[in-house]
Amino acid sequence: MRKRQAKLAEIERDLTYYGADILTSDSFKSSDKNMQHGDVSVMEHSISVSMMCMRIAKISHMKLDYSSLVRGSLLHDYFLYDWHNHEGHLHGYRHADKALVNASNDFAINPKEAYMISRHMFPLNIRPPKSREAAILCIADKICATKEIFSKPFYYNRIQEIKK
Ligand SMILES: [Fe+2]
Ligand SMILES: [Fe+2]
């Protein structure tokens, strides 16, 4: 149990260190008013996915760019609208590109992070992720989305603290 808590604390430390400018920005925080799945907001989903990416990364023991993993995953759904009454079913196909444009405008993101955002909707978007970080994001996004459809996001209690 203690080991698990230590790992979670490590994940949270990396998240708040590498993603500080994103997590504290008004624009990222504004995504807390847009719902993603059920009553989980886009902001909550994004933080949950980012933490799941870090968890997968630590289990995998692969050589990874942790900073990019955090930043690309936090911004993967940075489309900044309520997709339920904006894009409807087309949202699934279009929002990766929109998130990338917004993220590039609002934050200093590197090519690795841009690539992660643009490829995260595979297989709906047919271009597959061909970097380790992008592949992890793709998997973490599906795991988190599946849970959110039925209940609260992974790391719910920690996310509420991070949001403050
Ligand atoms: Fe997405
Ligand atoms: Fe997502």
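The values are calculated or read from the model by the stated rules, or taken from the named source; none is laboratory data. Note that the structure is a prediction, hence the values are computed from the model and not measured. We place every Cβ from the backbone using ideal geometry, glycine too, and count neighbours over all the protein chains shown. When the accessible area is computed, the model is the full protein with side chains, heavy atoms only, and any ligands, DNA or RNA have been set aside. Shrake-Rupley method; radii C 1.70, N 1.55, O 1.52, S 1.80 Å.
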I22 - would you say it is among the aliphatic types (A, V, I, L, M), modelled with pLDDT of 95 or more, open to solvent by less than 10 Å² (accessible area, probe 1.4 Å) and on the phi < 0 side of the Ramachandran plot?
yes
Given the residues V70, V42, V49, which is the only one that is under 13 Å from the mean Cα position of the chain (by Cα), away from ligand 1 (no atom under 16 Å from the Cβ) and closer than 21 Å to N157 by Cα?
V70
Okay, helices (runs of 4 or more DSSP H) sitting entirely in the stretch 60-164 with 3 or more residues that are surrounded by 21 or more Cβ atoms within 10 Å (Cβ to Cβ), I get 66-74, 91-106, 111-119, 132-150
Residues (part of a helix (DSSP H, G or I) and of a type in the set (G, A, S)) located in the stretch 1-55:
A6, A9, A20, S27, S30, S46, S48, S50
